[in-house]
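The values are calculated or read from the model by the stated rules, or taken from the named source; none is laboratory data. Keep in mind the model is a prediction, meaning the values are calculated, not measured. Please note: Cβ atoms are built from the backbone with ideal geometry, for glycine as well, and neighbour counts cover all protein chains shown.
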Amino acid sequence: MQIIKRTIDNSYVIEKNGMPYHVPNEGEFAEEWAEINAYAEAHPDEVTLEEPYVPTDEEIAEAERAAAEREANAVLASKSRANMVQTMSFTSSEFALLAKAELFPVWTVGETYPQGRRIQHDGIVYEVVVSAGVTAQEYQPPSGEGMLAVYRPLSVDPETGTESDGTQDNPYVYIYGMDVEKDSYYSYNDRLYKAEADMPACVWTPDTEGLWQWTEITETA
């Protein structure tokens with residue numbers, strides 16, 4: 001059974017078998033939104049208007065933790081760029097921030113994660129990208145087919161939270177389905193590549209033959 005909801009910000013939330021899928025009206029989802037909107041206008045009896053949502057105390061706390069996690073990642077990245085990660089030279093406030101962030105919880109069936117929450121699954125860090133958040137389903141893990149619209153893999157160390165900056169000297173590690181940024185550098189199979197275009201949820205590996213969006217630079221050390 002499919003349920004179509006039009007949100008107050010003119011997005012859509014499609015629910016199939018209880019699994020919500022958020023489709024905003026901009027960016028990479030614009031074309032999909034247009035198709036859903038055309039269907040909704042042709043079948044108004046199948047569309048409901050979603051009322052403004054009031055989050056629970058638990059959801060507010062979870063959102064604050066997600067915000068703390070993003071700030072903690074920035075702290076760790078800063079320490080990494082300053083070559084301080086190995087000594088773990090953090091201030092007391094930074095330690096408190098890392099503790100609040102709980103870097104990085106393991107993806108768990110039944111848990112609800114808000115947008116921006118970073119979790120790990122099978123050694124890879126993912127970020128929840130849907131504005132409505134997601135409740136983890138047993139047969140819909142982050143690595144599952146079709147889940148890139150919900151979970152986006154990141155080039156982040158799951159144990160330390162350190163993240164490359166995408167420069168030639170400090171490239172991202174390419175992970176299938178990650179967001180690729182134009183002019184950033186990526187390592188893949190011991191080789192270095194430069195992205196010639198933005199590629200959201202990129203499923204084309206850097207060594208794909210004949211793909212102009214990737215340029216091989218050299219072998220990595």
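Taken across the range 92-112, residues that are surrounded by 13 or more Cβ atoms within 10 Å (Cβ to Cβ), at pLDDT below 90 and part of a strand (DSSP E or B) do not occur at all.
For Asp157, the conditions (1) within 21 Å of Ile14 (Cβ to Cβ); (2) out of contact with any strand residue (DSSP E or B) (no Cβ under 6 Å at 6 or more places or on another chain) all hold with the exception of (1).
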